[in-house]
Amino acid sequence: MIGLEYILNLYNVQHQELAEKLGIKKQNINLWIKGKQKVSKKHLPTLSEMFGIEEEYFQKEIDEIDKLVIQKEKLKRELKPEIIGYDMQLIIGENADIVQKPIYNTDIINDIEFEIEKTKVIEDMRSVISHVDDDFNLKIIEQIALLLQENGDDTMFWYTIDAISHYYDVLPDWVSEPGQEEFVEEFIELAKKYDK
């Protein structure tokens, strides 16, 4: 679905109503939604201001994450939440860093922020699984899923995941909790010793 169509449905705006606001014909809106024409560049800033949504979302094919971002922006515009604090959040990967994540005075905004993060992880997992092309690796992923289901609250399980992440440089050295450091160091030593 093209972003413009989703946005119009979410805001309950009819094609004719938007066409009148932009001073164009309804057919133009229909062509944009069907993807037969790109949204005119001169109208993108107006659309962005009108709905409070970044220009990029109006003419692209949107996914679940995009839909959640659009919903969040709509709610922020309607509820006008205040930031009441910040939570430190680790960004993992090549540019690992700790960033401040705003906490709002409205639970629904905080909940949708969490859903966006969760959906990104689900998409990453879906991508990983879609590249599996043999039974052995599929069984390993099944084992990981089962471990998560059955041991998701076990400290040893999370320390081990943390240690593996350090071993494969998913997490930089500066990311660890004091209680885990010794475990991680021993794990990495053992992994290096037997990885021959």
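For segment 126-148, name all the residues that are surrounded by fewer than 13 Cβ atoms within 10 Å (Cβ to Cβ), closer than 25 Å to Gln89 by Cβ and of a type outside the set (Val, Ile, Thr). Answer for segment 126-148, where residues must be surrounded by fewer than 13 Cβ atoms within 10 Å (Cβ to Cβ), closer than 25 Å to Gln89 by Cβ and of a type outside the set (Val, Ile, Thr): Arg126, Ser127, Ala145, Leu148. Residues in segment 102-112 that are surrounded by 14 or more Cβ atoms within 10 Å (Cβ to Cβ) and not in a helix (DSSP H, G or I): Pro102, Ile103, Tyr104, Thr106.
Could you tell me whether Lys21 is among the charged types (D, E, K, R), part of a helix (DSSP H, G or I) and either assigned by TED's automatic domain parsing to the domain that holds Glu56 or at pLDDT 95 or above (or both)? Spell out how you get there, then give the answer.
On the way: among the charged types (D, E, K, R): yes; part of a helix (DSSP H, G or I): yes; either assigned by TED's automatic domain parsing to the domain that holds Glu56 or at pLDDT 95 or above (or both): yes.
Spelling it out, Lys21 is indeed among the charged types (D, E, K, R), part of a helix (DSSP H, G or I) and either assigned by TED's automatic domain parsing to the domain that holds Glu56 or at pLDDT 95 or above (or both).
Evaluate segment 126-133: report whether one residue or more is free of Cβ contacts under 8 Å to residues at least 12 places away in the same chain, part of a helix (DSSP H, G or I) and either touching a strand residue (DSSP E or B) at 6+ places or on another chain (Cβ under 9 Å) or over 27 Å from Lys67 (Cα atoms) (or both). No. Does segment 113-121 contain at least one residue that is acidic (Asp, Glu), assigned to a helix (DSSP H, G or I) and surrounded by fewer than 12 Cβ atoms within 10 Å (Cβ to Cβ)? Scanning segment 113-121 turns up no residue that is acidic (Asp, Glu), assigned to a helix (DSSP H, G or I) and surrounded by fewer than 12 Cβ atoms within 10 Å (Cβ to Cβ). The requirement of being among the small types (Gly, Ala, Ser), under 26 Å from Ile62 (Cα atoms) and not in a loop (DSSP other than H, G, I, E, B) is not satisfied by Ser165.
The values are calculated or read from the model by the stated rules, or taken from the named source; none is laboratory data. Keep in mind it's a predicted model, so treat the numbers as computed, not measured. No Cβ is skipped: glycine too gets one built from the backbone with ideal geometry, and neighbour counts run over all protein chains shown.
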